Amino acid sequence: KQEVTQIPAALSVPEGENLVLNCSFTDSAIYNLQWFRQDPGKGLTSLLLIQSSQREQTSGRLNASLDKSSGRSTLYIAASQPGDSATYLCASEETSGSRLTFGEGTQLTVNP
Amino acid sequence: DTEVTQTPKHLVMGMTNKKSLKCEQHMGHRAMYWYKQKAKKPPELMFVYSYEKLSINESVPSRFSPECPNSSLLNLHLHALQPEDSALYLCASTQSNRERNTIYFGEGSWLTVV
């Protein structure tokens, strides 16, 4: 059974700092890996989706990488802003269907 | 329109009540999902519908009954729930569960069982 772990559980940084969120998974036979953002009391917003054949995806200040062999993905946020404060979740999708396995999330606070 | 709409946003129900959660999308997506999320925990998959047919049931108790009347609508019927069923219920959709596409989530329905 796939297990997804995110480190750290919480992170507080000053505005403008570049930061990295980590995600690891136990079963490398994933179909894709997605990063989501969740604001308190809200639904999830998909940020980046990396197919298993890809190494990275970029969107604006966000860059996500995927290393299937080591079972790791990272989300890099450049020049962080207070509006980036949220919980960030990574999720792997298994090969056999549409089941997403989520990590516990990293709660990010960016201080002005 | 890249929106998944869920109603109601908040629901309080007694353990003997029958209520329903509704989800709607007009993106032409053919795969729709129900997830349950407890406070400070990640979402947990409950049901998946693919082309209006139930394809995954994650051993969810029968007091939760999903329904997909058409390709745009997904309901979750609730009956005889327990207080521990209080959670945020999230609906989501993708183009198809046979292809790997971005998944879109609704804002969720907050359910409190008293």
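Listed values, structure above:
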item	result
Within segment B:6-24, considering residues that are polar (S, T, N, Q) and modelled with pLDDT of 95 or more, the one farthest from B:Ser72 (Cα to Cα)	B:Ser20
Test: residue in segment A:11-23 that is open to solvent by less than 50 Å² (accessible area, probe 1.4 Å) and closer than 30 Å to B:Ser50 by Cα	yes
B:Tyr89 being more than 10 Å from chain A (Cβ to nearest Cβ), closer than 17 Å to A:Phe36 by Cα, surrounded by 15 or more Cβ atoms within 10 Å (Cβ to Cβ) and aromatic (Phe, Trp, Tyr)	yes
Answer from B:Ser65, B:Ser59 - the residue that is at positive phi and without any contact (Cβ under 8 Å) to a residue 24 or more places away in the chain	B:Ser59
Residue among B:Thr16, B:Thr102 that is over 13 Å from the mean Cα position of the chain (by Cα), of a type in the set (S, T, N, Q), in a loop (DSSP other than H, G, I, E, B) and away from chain A (no Cβ under 12 Å)	B:Thr16
Condition met for A:Ser92 (at negative phi and either open to solvent by 40 Å² or more (accessible area, probe 1.4 Å) or more than 13 Å from every other protein chain (Cβ to nearest Cβ) (or both))	no
Scan of segment B:37-86 for residues that are among the basic types (Lys, Arg), away from chain A (no Cβ under 12 Å) and either open to solvent by less than 20 Å² (accessible area, probe 1.4 Å) or in contact with a strand residue (DSSP E or B) (Cβ under 6 Å, 6 or more places away or on another chain) (or both), ordered by number	B:Arg63
Residue that is in contact with an Asp or Glu (Cβ under 7 Å, 6 or more places away or on another chain) and part of a strand (DSSP E or B), where the choices are B:Cys68, B:Cys91	B:Cys68
Qualifying residue in segment A:26-34 (condition: among the acidic types (Asp, Glu) and touching a residue at least 40 places away in the same chain (Cβ under 8 Å))	yes
All positions within segment A:71-89 that are free of Cβ contacts under 8 Å to residues at least 40 places away in the same chain and open to solvent by 30 Å² or more (accessible area, probe 1.4 Å)	A:Gly83, A:Ser85
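The values are calculated or read from the model by the stated rules, or taken from the named source; none is laboratory data. Every value quoted in this text rests on a predicted model; they were computed, and no experiment measured them. With ideal geometry, Cβ positions are generated from the backbone for all residues, glycine too; neighbour counts draw on all protein chains shown. When the accessible area is computed, the model is the full protein with side chains, heavy atoms only, and any ligands, DNA or RNA have been set aside. Shrake-Rupley method; radii C 1.70, N 1.55, O 1.52, S 1.80 Å.
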